[in-house]
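The values are calculated or read from the model by the stated rules, or taken from the named source; none is laboratory data. A quick note: this is a predicted structure, and the numbers were derived from the prediction, not measured. Heads up, the Cβs are rebuilt from the backbone with ideal geometry, glycines too, and the neighbour counts pull from every protein chain shown. Surface accessibility is based on the protein's heavy atoms, side chains included, excluding ligands, DNA and RNA. Shrake-Rupley method; radii C 1.70, N 1.55, O 1.52, S 1.80 Å.
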Amino acid sequence: MRGRPYAGIEATGRLDPLRPPNTSRRNAVARVVVDVMLKPEILDPQGQAVANALPRLGVTGVTSVRIGKRIELEFDGELDLDQAREIADKLLANPVIEDFVIHAPEARASGASAFGTAEAEK
Amino acid sequence: MRGRPYAGIEATGRLDPLRPPNTSRRNAVARVVVDVMLKPEILDPQGQAVANALPRLGVTGVTSVRIGKRIELEFDGELDLDQAREIADKLLANPVIEDFVIHAPEARASGASAFGTAEAEK
Amino acid sequence: MTRVGVVTFPGSLDDRDALRAVRLAGGEGVALWHDDPDLQGVEAVILPGGFSYGDYLRCGAIARFAPVMESIVKAAGDGMPVLGICNGFQILCEAHLLPGGLTRNHHLHFRNRDQWLRVESVTTAWTGRFDAGQNILIPLKSGEGSYVADEKTLDLLESSGRIVARYVPGKGLAEGDHNPNGSLRDIAGITNEAGNVVGLMPHPEHAVEALTGPSVDGLGFFTSVLSALSGKVSA
Amino acid sequence: MYSIMWSEHCSYKSSKVHLRQFSEKAPKSDRMLAGIGENAGVIKVSDTIAVTFKVESHNHPSFVEPHQGAATGVGGIVRDIIAMGARPVAVMDPLRFGAADHPDTRRVLPGVVAGIGGYGNCLGLPNIGGEVVFDPCYQGNPLVNALCVGVLPVDRLQKKEATGAGNVVVLLGAKTGRDGIGGVSVLASATFDDESQARRPSVQVGDPFLEKLLIEACLEIYDAGLLVGIQDLGGAGLTCALAETAAAAGTGMKIELDRVPLREPSMLPHEILASESQERMLLIVDPAKLDAVLAVAQKWGLLATALGEVTEGPAGRLVISWRGKTVVDVPPGSLADDGPVYARPMREPNDRFLLQADRAETLPRPRTGDDLRETLLRLAASPNLCDKTWVTEQYDRYVLGNTVLAQPEDAGVVRIDEESGLGIAISVDGNGRFTRLDPYQGAKLALAESYRNVAVTGAVPVAVTDCLNFGSPEDPAVMWQFAEAVRGLADGCQELGIPVTGGNVSFYNQTGAAPIHPTPIVGVLGVLDDVGYRTPMGFNADGDVILLLGE
Ligand SMILES: Nc1ncnc2c1ncn2[C@@H]1O[C@H](COP(=O)(O)OP(=O)(O)O)[C@@H](O)[C@H]1O
């Protein structure tokens, strides 16, 4: 995986972990991604640690690193965004310290989602 | 934040935490997002625990949950994707058990990135 | 004898220690099960330390939805004393019984050490037997113990005397290292407005016997609640 | 299946002929309820209470993936202890790393420590001691040994035998995935070269939360008397557990592989059989008690699946079907017991007389104040003498509320009976440099140190466990070191009158042609009738009298 070539703006170590290889992109299973990040005013020690380690790797141009969670949910049948949002709000994120964003990559009009592009490379 | 309306395919608890509100989308700061997920064959106890907890919330339709990391890097000046990839490979992901995908939302031609759409709602 | 419940969630670890502490303080420990909403007539509840649900996602996030928590949230609203220790504190924050949240230690490591605390609020159900300003030594052991809240909440906690304990310097702690995890304003424990719900990051139940703890200072939390409850009965 | 079961790691083919001495030279002891050959040795410490303990290595996986490798090392040894019928009560971790200032140590050490802490803390097991030693010889082969000790009522001792035709074979715990397929044979039984790097099995990832549930569920099942037999799944996964339980009873088994709950549905039969997915146990259950077992599993939220049944002995066969076809039909004993036994060639390393010629007496001594100062500063700066708090702070030593002595004491002491104050003391020690100079004496010294560390707490030493970390057995010089160390340890135990009750051998700790220092790690278990009388190290009060015992 190391040193693998990449093209354009997408570099990928591997494809979407949720989809078995060679399955069609349009199927009955709906996928939703919830990105959860600490609120900007909350200290992110993990991001800080990475930022501090970068100069040791010879990297100097990075001004900020924030580390959050990416949560991939797979639904049986139809995508229910209301439900996804409820899960995110109640369980996946703690509104006191975190914010979240929900994407439904499958449903994106252009189909040019990050993972889609990555997949096309293989 | 709870119960906030969302439109179309994007629901958001809050906007991209990295960008202060009302800054122009085209500026000198380049942003890269690295999504790191466990390889599909690797056990994901976190995702498992969340999946098992969902029925207690009355949620039954979710068939799989995988939890990974979302890392937001902010570069000073020009975006250097080579460098981003090196950081991801060396520091952000553990190639023995994880895969990563790099996005540069800023640079996407259409501009219709997840965060972009979310922002437009505000 | 006063019955004090201790909840066991999947992944609770210090539940038997909390039961022992209740016993040593002169109460009757009652084991409660996460999946059973029945509080069995207890007069106070302890949410013990551990890694409920493996601490996956966020510490305490999943435990909060256990059936027993519904009863506890209700009872707490009616004034029942509730003490959350470590993971229990995290659960109380997740359940919004206490404000703020607990995040990753600023140095990113799990840390176990004997920690000095100053008890600041002695009007809660769990601290009445301490002297205000008393310094105590009890074990701390956690990876996500850094207390955070917005400035407004922190100011409110300060001004209303709801900071129960703070990390302070003391013998055995290196200079400048009295705050073990980056907690804002050195907060080690807080209480709700009514003073019946207390969350505490360090572990008083590990400081109840000279043989196994660094002190017996922890016993005060358990004797306090027993006094508070018996006082209530006689009043 | 044969290649895995007959691998060095599973069959002990190179070490067997030597390890026999542990049993042959062991003093007769009626304390010993289970010894070598069982998952862990069991020692009676009172009329009603027994203790089981064992140390094991997870060296190779911890080099490949320090965090998960070390974590699953703890998980594995804990399951050995559970399988004996015990509640695990403490862990210890003797560790060896390369030079402290080597860049790779920066990768390996924090990962290993976080892995051991993360897993042990989450299980609720106090860490009561261990070692951290730096030496360049471990650069490519860090040693991650883990010890677990457990306590059981004497009459709760469990067996692994799959007796009784018609009894049900149940898999309890995690789903099976493609973890560590061929792990033991590829990782633990070979040195790293480019080819084996390419064949790296997928890393095993542990779930300590699930293992905690496994502990509680197993204990509840034992207390209700629901089991005929139990075996943990470790190296070689189902293959090993099925073959060993059947072979131990002389029975056979009929197994339907399709019933194994899978994480990845596309797994093939040989993968299912070889998978080293963590947090699984194999239970042998009387059909009348099956429902009760499944109910306990459900209470703790664990999967439990009947895979098949025990079939008639003697000389039964292990018959495994998958999708309606028989994929395995072998005598289980041929897998478990009939592996090859090698008497490998041995030769004293030819540099040994050079090493020994270089005697302490001939080394230059500091003579001036400046020399002394220089020596003192070098000692103070040595990573091997430094404060280990950075490591030990990451371990919970208080959980369970019975830890009487732990870091920085020489031995850990835990109370095992609150009423009587009955307790145990354990120490783990080893010295690779001594053992390199003289493997026979080096092993004896490790034993003596550990024995002393236990004795000074006030405990009576009663049993020994050991983890023998060596280079490649195919190197006659390494084989000689191994044989000498085993002879030394066996002789030492005979002289002290305590038995070796179990342990583990880790070979192939070698980078290219360079083996690590031979590193036998010895754990000694002692008993204190009342932990109230334990003696901590360090001076207690002004005016205490200081005495020197011995020469
Ligand atoms: N890896 C480890 N895990 C747990 N405890 C450890 C570890 N390494 C060292 N310790 C503990 O730290 C203390 C000091 O260790 P060390 O400096 O090696 O002492 P000594 O030289 O007296 O054996 C001892 O109590 C030892 O058990």
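Computed quantities for the displayed model
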| read-out | value |
| --- | --- |
| Residue-by-residue Karplus 3J(HN,Hα) for the range C:172-188, coefficients 6.51, -1.76, 1.60, Hz, glycine and proline x | x, 9, 5, 4, x, 10, 6, 8, x, 8, x, 3, 5, 6, 6, 6, 10 |
| Separation in nanometres of the label points that stand 7 Å from Cα toward Cβ, at residue D:389 and residue C:70 | 4.8 nm |
| Partner chain coverage, peptide B:53-60 - average Cβ within 10 angstrom | 6 |
| 5 angstrom amide H check on residue D:406, placed H, neighbours 5+ away | D:413 |
| Solvent exposure of the protein assembly as shown as accessible area per residue, Å², 1.4 Å probe | 39 Å² |
| Estimated dipole of chain C in Debye, rounded to 20 [Cβ of Lys and Arg +1, of Asp and Glu -1, Cα centre] | 220 debye |
| Range in chain C, longest, excluding exposed GluC sites (Glu not before Pro) [loop by DSSP; at most 13 other beta-carbon atoms within 10 Å] | C:1-174 |
| Antiparallel bridge percentage (DSSP; both residues within the range C:3-230; nearest 5) | 55 percent |
| Chain A residue with Cβ closest to the axis mapping A onto B, distance in whole Å | A:70, 2 |
| Accessible area of the protein assembly as shown belonging to carbon and sulfur atoms, whole % at 1.4 Å probe | 52 percent |
| Estimated vicinal HN-Hα couplings, Hz - the range D:33-39 in sequence order (Karplus 6.51, -1.76, 1.60; Gly, Pro = x) | 8, 8, x, 4, x, 8, 4 |
| Above-threshold pairs, the threshold being 31 Å between Cα atoms, out of A:69/C:152; D:44/D:175; A:90/C:171; D:25/D:388; D:25/D:175 | D:44/D:175; A:90/C:171; D:25/D:388; D:25/D:175 |
| Chain D, relative contact order [Cα under 8 Å, separation at least 6], % | 20 percent |
| Overall form of the range D:3-89 per C-alpha gyration tensor (a/c, 1.5; a/b vs b/c) | oblate |
| Relative contact order [Cα under 8 Å, 6+ residues apart], the range C:3-230, whole percent | 22 percent |
| Net charge, residue D:453 excluded, C-beta distance under 10 Å - Lys, Arg +1, Asp, Glu -1 | -3 |
| Mean Cβ count within 10 Å, highest first, over the residues of peptides D:146-158, B:57-69 | D:146-158, B:57-69 |
| Other copies of residue A:76: label-to-label distances in nm, shortest first, labels 7 Å along the beta-carbon direction | 5.3 |
| Amide hydrogen neighbours beyond the local backbone of residue D:127, cut-off 5 Å, H modeled | D:91, D:396, D:397 |
| Accessible area buried, both sides summed, chains D and B with 1.4 Å probe, Å² | 900 Å² |
| Chain D: angle of helix D:237-249 to the longest principal axis, Cα-based, in degrees nearest 10 | 80 degrees |
| Sparsely packed GluC sites (Glu not before Pro) within the range D:403-442, loop by DSSP, other Cβ within 10 Å at most 16 | D:418, D:419 |
| Residues residue D:348 and residue A:78, FRET efficiency given R0 of 56 Å [Cβ-Cβ distance, rounded to 0.05] | 0.15 |
| Between 0 and 90°, nearest 10: helix D:208-223 axis offset from chain D longest Cα axis | 70 degrees |
| Nearest-first distances (nm) between copies at residue A:57, label 7 Å from Cα via Cβ | 3.2 |
| Amide H contacts of residue D:230 (H built 1.01 Å from N, under 5 Å, at least 5 apart or other chain) | D:159, D:160, D:161, D:284 |
| Residue-count net charge about residue D:429 - beta-carbon cut-off 10 Å; Lys, Arg +1, Asp, Glu -1 | -2 |
| Bridge type composition, the range D:236-393 - antiparallel percent by DSSP, nearest 5 | 70 percent |
| Neighbourhood net charge (13 Å Cβ-Cβ; Lys/Arg +1, Asp/Glu -1) for residue D:474 | +1 |
| Pairwise FRET efficiency - residue D:107 versus residue D:376, Cβ, R0 = 22 Å, nearest 0.05 | 0.10 |
| Value at 222 nm in deg cm²/dmol, rounded to 500, when DSSP H runs of n ≥ 4 in chain D each add -39,500 (n - 2.57) | -10000 deg cm²/dmol |
| For peptides D:264-277, D:74-87, sequence by mean Cβ density within 10 Å, most packed first | D:74-87, D:264-277 |
| The range C:3-230 - Rg (one decimal) and Dmax (whole number), Cα, Å | 15.7, 47 |
| Whole-Hz couplings from phi, Karplus 6.51/-1.76/1.60, listed for the range D:270-276; x for Gly and Pro | 5, 6, 4, 6, 9, 4, 10 |
| Cα-Cα P(r), the protein assembly as shown, percent of pairs per 10 Å interval | 2, 10, 19, 24, 22, 15, 7, 2, 0 |
